[in-house]
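Step one of this worksheet: look at the structure below.
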C-alpha cells in the first residue's frame with residue numbers, strides 16, 4: 001500500500017510518500033515563508049515526481065489533524081480531502097503530537113512535545129514508549145508552560161517549537177532532568193506521519209473525508225476577540 005502524507009501543523013510542514021513494504025520513498029519539507037496554500041500542491045507535485053509514481057498509484061492519503069496552526073491545519077485537511085475525493089482513495093487523520101513523538105521511537109525517557117500556542121500557552125502531550133509503541137501519559141491539551149512543568153517527573157525529552165520558546169522555563173524547573181531534542185528534530189516528520197497513517201489504515205481506522213475536522217483543542221484568537229467584543233458593554237448613543 002502506498003501513502004501520501006501531508007503535514008501542515010507548523011511553520012515547517014512537509015510531504016512524504018511511503019510504501020508499506022518498501023518504506024519511505026520520497027520526502028520534502030516546506031519552509032512556509034509564504035502560506036501553505038500557495039506552495040503545497042507544487043511541493044506535492046515535486047514529491048510525486050521524485051517518487052516516480054503517479055497520483056493514481058497512491059492508495060491512501062494521510063494528514064496531520066492537529067493541534068497546531070489553525071490555518072495550516074485547515075489547508076492540509078482540505079487538500080487531503082480534495083485528493084481523496086478526486087482519486088476515490090481513502091484517507092486517514094493522524095494527531096500531530098503523536099506523529100511528532102514517533103521521531104523518538106524507543107526513547108528511554110518520556111517524550112514531551114510542545115508547540116507554541118501563543119497567549120503564553122503550549123499545545124502539548126506526554127508520551128512514554130512501551131513495548132513497540134507510544135502510550136499517552138498526558139493527552140493533547142493547551143496549557144501554561146509553568147503548569148505543565150509541575151506535572152512532569154523524572155528525566156523528560158522535550159521537542160517542538162514551544163520547547164525553543166520556553167527553554168529557559170524548562171531548564172529552571174527541571175534542571176538536568178530536561179533533555180532537548182537535536183535542532184533537526186524540532187518539527188514533526190512527514191515520514192512518521194506516513195508510518196502512522198499506514199498503521200491506522202491497516203487497523204481499519206480510515207476517516208470519512210466529509211466529516212473529517214481538525215483537532216484545534218481551543219478556539220482561535222479571532223474567535224476569542226470576537227467573543228470579547230460581543231460581551232463588551234455597548235457605547236452607543238442610543
Inset, instruction - Could you please rank 152, 196, placing first whichever residue has the fewest other Cβ atoms within 10 Å of its Cβ? - result: 152, 196
Inset, instruction - Kindly rank 101-113, 204-216 from highest to lowest mean number of other beta carbons found within 10 Å of each residue. - result: 101-113, 204-216
Inset, instruction - For the chain, with a Gaussian network of springs between Cα atoms less than 10 Å apart, report the residue from 62, 183, 194 with the top mean-square fluctuation. - result: 183
Inset, instruction - Assuming 1.002 mPa s and 20 °C, estimate D for the chain with Stokes-Einstein, Rh taken as the Kirkwood radius over Cα pairs, in µm²/s. - result: 115
Inset, instruction - Distance between Cα centroids, region 105-141 to region 1-64: provide it in whole Å. - result: 24
Inset, instruction - Sum -39500 (n - 2.57) across every DSSP H segment of at least 4 residues in the chain, then divide by the residue count to get the 222 nm mean residue ellipticity, nearest 500. - result: -10000 deg cm²/dmol
Inset, instruction - Could you check which residue among 200, 54, 167 shows the biggest mean-square fluctuation in a GNM of the chain with a 10 Å Cα cutoff? - result: 54
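We did not get these values from a lab; they are worked out from the coordinates using the rules stated. In this text the structure is predicted, and so the values were computed from the model without any measurement. Cβ coordinates were reconstructed from backbone atoms using ideal geometry, including for glycine residues, and neighbour counts include every protein chain displayed.
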